[in-house]
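The values are calculated or read from the model by the stated rules, or taken from the named source; none is laboratory data. Everything numeric in this text was worked out from a predicted model, so none of it was measured. FYI the Cβ positions are ideal-geometry reconstructions off the backbone, even for glycines, and counts take in every protein chain you see. These accessible areas exclude ligands, DNA and RNA; they are computed on the full protein's heavy atoms, side chains included. Shrake-Rupley method; radii C 1.70, N 1.55, O 1.52, S 1.80 Å.
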Amino acid sequence: MIRINENYLNLQASYLFSTIAKRVSEFQGCHPDTEILRLGIGDATRALPKACIEAFHAAIDEMAADATFRGYGPEQGYAFLRESIAENDFQTCGVDIAADEIFISDGAKCDTGNFQEILSTDISVAIPDPVYPVYVDTNVMAGRTGDFEGGRYRNIVYLECTEDNGFIPDLPKKPVDLIYLCFPNNPTGATITHDQLAPWVDFARENRALILFDAAYEAFIRDDSLPHSIYEIPGAREVAVEFRSFSKTAGFTGTRCAFTVVPKECMAFDSHGNRQSLHALWNRRHSTKFNGVSYPVQRAAAAIYTDAGKQQVREIIAGYMKNADRIRREMDDLGFSCVGGVNSPYIWINVKQDSWKFFDTLLTQTGVVCTPGGGFGVCGDQYVRLSAFNSFENVEKAMKQIKNIR
Ligand code: MLT
């Protein structure tokens, strides 16, 4: 008899963004004349940078001739892209990361979700609340979390992010094995300083733990004093894996390209206490289960690092951050307590009522889509997240509408 992985029965009914998309589409079906203004999921709306498009076209032309055609590429990614990333995102910023420590993939969602697979199923896991749901759900699938009771999984150590701690969680009170951190944060938009991040690296080193650091939004940091990478913190190479993405910065949400950094010093332990290289294990997993991002997409991604590409990406980010400023200002003026939108494309708003109720009110009265904070965890119950990923015109319209419901 074929049987299922029963851990899946422990998952909440559907993935957050699928639930929201379903509700919005049902509403739209019943109200075809209402204009829907999407400030929910963080999905890019601006076109790919011109430099990427040119590189994409040129790579397609290479694929069109036998002499330049490419079949399977290296699973870890082509050297031209890994080298550009290592140099531009790390080495020129004084961060010691080599090209062969970078694994190109089709998305940070997949990588943050998959990385736990090379770790034991009986480790303890600390996850922020609120949090990007992929970290929780993939640990549920792996059977690490225990039963769901009162909105939480019994075996997860929740790292609460609240107004009281400025949305930076306190260190766990007891040792844990795996820690998820995300800065600039999704969903809160909060950022972390070097001094706030360093104790996490020290904690991981003291407890032989691993930090999975999601830096998918680092390109939105405008405050030069903030760290862009966890590897700016001494000792992090031994205890941290970092995830980055081209999705939001260069419009690759549909095109798919991201990367994960696994330093060679980064170790985990077997049941005898022997050190095992996570770089070697991830390489083994990646080359077994993944066949690489397509050549044209990697060429398009590499174009981000040309002078023209860098300038075009800066313009895209500036556009989204203009939206973020606008949303943050409006929400502040309306008297909401908010965080984010300054070094991040997300604004986290205390709506002082059930977040799903607010979501429904906003959608039905105005056509504006937000993300209910309760979908990110118990600590998000009274919050909603607005995303800056839309046109300025639509953001303006949404802000006018939001005024009307107050
Ligand atoms: C979000 O809105 O949180 C993100 O777009 C989801 C994702 O990147 O998968």
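What's the extension gain from residue 72 to residue 352 if we count 0.36 nm per residue and subtract their Cα-Cα distance?
Difference between extended and current length: 95.5 nm.
Roughly how big is the chain's charge dipole about its Cα centre, with Cβ charges of +1 (Lys, Arg) and -1 (Asp, Glu), in debye to the nearest 20?
700
Leaving out ligands and nucleic acids, and using a 1.4 Å probe, what accessible area per residue does the chain come to in Å²?
44
Seen from all sides and averaged, what is the projected area of the convex hull of the Cα atoms in the range 9-161, in nm²?
15.0
At q = 0.10 Å⁻¹, what is the base-10 log of I(q)/I(0) for the chain according to the Debye formula with one equal point scatterer per Cα and no solvent? Please give it to two decimals.
Log-scaled intensity ratios, in q order: -0.69.
Using alpha carbon centroids, what distance separates the range 154-200 and the range 307-381, in Å?
Answer, in whole Å: 20.
Under a crude label model (7 Å from the Cα following the beta-carbon direction), how far is residue 225 from residue 14 in nanometres?
With each label point 7 Å from Cα toward Cβ, the separation is 4.5 nm.
When the Cα atoms of the range 164-223 are enclosed in a convex hull and the volume is divided per residue, what value in Å³ results?
Cα-based convex hull of the range 164-223, divided per residue, equals 90 Å³.
Return the calculated 222 nm mean residue ellipticity for the chain, to the nearest 500 deg cm²/dmol, obtained by summing -39500 (n - 2.57) across DSSP H runs with n ≥ 4 and dividing by the residue count.
-11000 deg cm²/dmol
Using a 1.4 angstrom probe with every protein chain in place, what is the largest-first accessible-area order of 25, 287, 271?
From most accessible down to least: 271, 25, 287.
Put +1 on the Cβ of each Lys and Arg and -1 on the Cβ of each Asp and Glu in the range 129-271; which of 236, 250, 175 then has its Cα farthest toward the positive end of the dipole?
The residue sitting most towards the positive pole is 250.
Taking Cα pairs under 8 Å and at least six residues apart, what relative contact order does the chain come out at, in percent?
23
Quick one: check the C-alpha center-to-center distance for the range 272-299 versus the range 1-64, whole angstrom.
Value for the Cα centre distance between the two parts: 25 Å.
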